[in-house]
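Beneath this line is the structure, given in structure tokens, with notes to follow.
The values are calculated or read from the model by the stated rules, or taken from the named source; none is laboratory data. Here the structure is a predicted model, which is why all the values come from computation and not from measurement. Neighbour counts run over all protein chains shown; Cβ positions are idealised from the backbone, glycine included.
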Amino acid sequence: MVTIDFLGPINRDSLQVDIKNLSELSEILKKDEQVSSWLGNCAVAVNDTMISSKDIALSDGDKVSLLPPVCGG
Amino acid sequence: MTNENKLQLFDGDLPVEQITNNWYKEFKDSNFGAIITFVGVVRDEDGIDGLSFDIYEPILNSWFESWQNKANDLNAVVLMAHSKGDVLNHTSSYIAAVCSPKRRVALELIDEFVEDFKKSAPIWKYDLIDGKREYAQDRSTAINGAGILS
């Protein structure tokens, strides 16, 4: 299983999903009413490394984090 | 000073004098000709009582480490302190500093460091209004590369 964490203001509990890549995750989250509207603005990290492409294979135990728009300071 | 101490997180508002005095004491004898400190203070505007912050520390740490490496390549050092949780008006939530042998490097680096912090560091800001947190969406910036799952 892959753990999906929703950071900051998304306000959704973590998910455990059986997926092999980020394209599969995208299809799942587009159907999730609490999350779908965030997808266009969210950056993505896999195992705490920021990524810029959806062409990433996922393995059992991986963690995917969604990072909505930021504003420190 | 270890990298861990160069990035400090605090619950609530920052003890500004303590932090900046410690940085000065730590680095004044290291032959840095320029030590530039930026202190961010929460402004009273739009009826807010203050701000509140969430931080995702693993990615903040790696973001900070990459800036430390960039600074070290210029013989400089970057320092940062930030608040977690609630910070009331007229107190500080953010301090950044650069120590450098040369003034020009420090002035340019503090500008780049603070600007990249605003658009890349994994920190989320909320307005505190009547005891509730409201996400400061209109002042927030999507991180570079956002939207790949849409």
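When the residues of the stretch A:24-36 are filtered to those that are polar (S, T, N, Q) and part of a helix (DSSP H, G or I), which remaining residue is surrounded by the most Cβ atoms within 10 Å (Cβ to Cβ)?
Per the criteria, the residue is A:S26.
Failed condition for A:V35, given (1) touching a Phe, Trp or Tyr at 6+ places or on another chain (Cβ under 8 Å); (2) closer than 29 Å to B:A81 by Cα; (3) of a type outside the set (F, W, Y), with all others met?
A:V35 satisfies every listed condition except (2).
Cβ contacts < 7 Å: first residue closer than 14 Å to B:E108 by Cα, restricted to the stretch B:71-90; second residue acidic (D, E) and not in a strand (DSSP E or B), any location; separation 6+ or different chain. Result?
none
Do the conditions hold for A:D55, that is, is it of a type in the set (D, E, K, R), in contact (Cβ under 8 Å) with a residue 24 or more places away in the chain and in a loop (DSSP other than H, G, I, E, B)?
Answer is yes for this residue.
Are any of the residues in the stretch A:37-46 assigned to a strand (DSSP E or B) and either in contact with a His (Cβ under 9 Å, 6 or more places away or on another chain) or more than 7 Å from chain B (Cβ to nearest Cβ) (or both)?
The answer is yes; a qualifying residue exists.
Output the qualifying pairs, or none if there are none: Cβ atoms under 9 angstrom, residues six or more apart or on different chains, first residue in the stretch B:23-42 and assigned to a strand (DSSP E or B), second residue among the charged types (D, E, K, R).
Listed by first residue and then by second, the contacts come to B:A34/B:K102; B:A34/B:R103; B:A34/B:R104; B:I35/B:K28; B:I36/B:R103.
Quick one: would you say B:W67 is modelled with pLDDT of 95 or more, under 16 Å from B:N5 (Cα atoms) and out of contact with any strand residue (DSSP E or B) (no Cβ under 7 Å at 6 or more places or on another chain)?
no
Please verify whether B:V105 is closer than 25 Å to B:P15 by Cα and aliphatic (A, V, I, L, M), treating the condition exactly as stated.
For B:V105, the condition - closer than 25 Å to B:P15 by Cα and aliphatic (A, V, I, L, M) - is not met.
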